[in-house]
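One structure is given here, and the rest of the page talks about it.
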Amino acid sequence: MKVLEPHGMKPEDSLLLIFDGAFSPQAAPEREVEPFFQALEEYAGGWMPDVVKGRRQRKYARAALCKSLEEKRDGARTSIGLYRTEWPALDMSFGLWLPPRPPELGILINVQPLSFFSEVERCHHLVELVRTWASRYPVTYAMAHSTDDRALAGAPNFGRDDETEYRDGFDRIYEVCWLNVFGPKLVETVGRERMLSTPAHRVEELPNGSVLLVTWPTAADFASKEARLAQARAHAHLRPDLDFDTLLRSLQERSALLAPVEPRFHPDLAPLLSRVVDRAASHQRQRRIAELNAWRPSEPEEWRPADSALPPDVEDVERAREHYRTLAEHLVALLHSEVPSVFAATPESLTDADFYFWREDFPKSRPRQALDAHAVPAIGAYLGEVLVRHLGGQWIPRQKLQEAQVLVGDRVWLPFLRARRSMTSRQALLDYSLTLLFRSAERHRG
């Protein structure tokens, strides 16, 4: 059973649900968790887990849950993972703290993509699930919200440092999420009457004194103008010491950072930059697209007019060209497992190599001496070979690699110089990409 795990997929906004609830120390733990999973099976619907993972992976079943919890027990603690094999992806951890510690169950659920919760009925079922859990397992605070928006708010502690979080716990309302369960202590801190009169989509007092609050009908629509207005109103009502306009402005700024930006990348580099953007954290992606839309690399300078080319200064021109081919094969040997397209030595393989070097941050993650002695010569030779094979180029060998040229049309290009410049920093891998030099040579060969 191959599971879909959000952290293994393209970064995308997801629904995060955090719930830590107490249970009776007198009851057997296996009896206490039954209502939890019964509610999950009743309300989860299209995001229900079908895989349980303890020390090994099993198909979801009550017996598998018990077996996995037992085999993962370590003193007063046990935890398991629950996943899905089909869309939407689910990454769920379920843990138990057992005596002599105060008994508690803790859940962290991540469902990707958040757009799965754009339907009112699905969101209603999720709210009913949390309501059922919170009625059975008392909480201090529980929440469900967009992971992207939570990151922009200052996750994991909504702007508080770890020391403050550890010292104070959730001692006051720092943020109002799409779905909230406020425990009795928080309710009394705010005032029960005030909390129950909060302007929101749903406000409900639970039998144990907690209050369930949902700001808007659907989780996926959290960033809309209307949903932000509702979120700010609820927050300002619960925290009258805070300014409504300031709260609303902060929420609107977060929405603006998450608003879709249409890519308008440099045409030569669009395939490369699209992949760079895909590596950005989902809450940073739109900002990254805007940055790369505005960025325009300089035209390659690693060339001379053909009539200014340096003549060969090696004893055996053909042997020198064979040496360049051997150096290019070194790059194939280095990258073939991670970048299989290097076998073909195509323009597309240059883009694949550019992205691999950027993803791995080659200039920083590899020793400088190894880069200069081995990587740069191999990269430069490979770039030159692609110019030769696909643009009808011709090597003009020189004793110094930095001076070696490839004649294409009315220009000679300096692939080793380009390779050296590209390997100076991660940004330089984009500024001096192999792809851009090839496309420029392609345009000028006529």
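For segment 298-326, which residues satisfy the criterion of being under 25 Å from PHE357 (Cα atoms) and either part of a loop (DSSP other than H, G, I, E, B) or in contact with an Asp or Glu (Cβ under 6 Å, 6 or more places away or on another chain) (or both)? Passing the criteria: SER298, GLU299, PRO300, GLU301, GLU302. Would you check if ARG172 is modelled with pLDDT of 95 or more, of a type in the set (D, E, K, R) and under 19 Å from LEU242 (Cβ atoms)? In short, no. The number of residues in segment 327-345 being in a helix (DSSP H, G or I), surrounded by fewer than 15 Cβ atoms within 10 Å (Cβ to Cβ) and touching a residue at least 12 places away in the same chain (Cβ under 8 Å) comes to 0.
TYR174 satisfies every condition listed in (1) open to solvent by 50 Å² or more (accessible area, probe 1.4 Å); (2) among the hydroxyl-bearing types (Ser, Thr, Tyr); (3) touching a residue at least 24 places away in the same chain (Cβ under 8 Å) except (3). In segment 286-317, what residues are open to solvent by less than 30 Å² (accessible area, probe 1.4 Å) and within 22 Å of the chain's Cα centre (by Cα)? Scanning segment 286-317 gives ILE289, LEU292, ASN293.
Just one of ARG55, ARG136 is open to solvent by 60 Å² or more (accessible area, probe 1.4 Å), closer than 29 Å to LEU206 by Cα, out of contact with any strand residue (DSSP E or B) (no Cβ under 7 Å at 6 or more places or on another chain) and basic (Lys, Arg); which is it?
None of the others qualify; the one that does is ARG136.
Somewhere in segment 343-351, is a residue within 25 Å of SER274 (Cβ to Cβ) and of a type in the set (Val, Ile, Thr)?
Checking segment 343-351: at least one residue is within 25 Å of SER274 (Cβ to Cβ) and of a type in the set (Val, Ile, Thr).
For residues in segment 180-208 being assigned to a loop (DSSP other than H, G, I, E, B) and touching a residue at least 40 places away in the same chain (Cβ under 8 Å), which is farthest from PHE19 (Cα to Cα)? Restricting to residues being assigned to a loop (DSSP other than H, G, I, E, B) and touching a residue at least 40 places away in the same chain (Cβ under 8 Å), the top hit is SER197. Of all residues in segment 353-399, those being surrounded by fewer than 19 Cβ atoms within 10 Å (Cβ to Cβ) and hydroxyl-bearing (Ser, Thr, Tyr) number 2.
The values are calculated or read from the model by the stated rules, or taken from the named source; none is laboratory data. Since the model is a prediction, treat every value here as computed from it, not as a measurement. Cβ sites come from the backbone with ideal geometry, for glycine too, and all protein chains shown count toward neighbours. When the accessible area is computed, the model is the full protein with side chains, heavy atoms only, and any ligands, DNA or RNA have been set aside. Shrake-Rupley method; radii C 1.70, N 1.55, O 1.52, S 1.80 Å.
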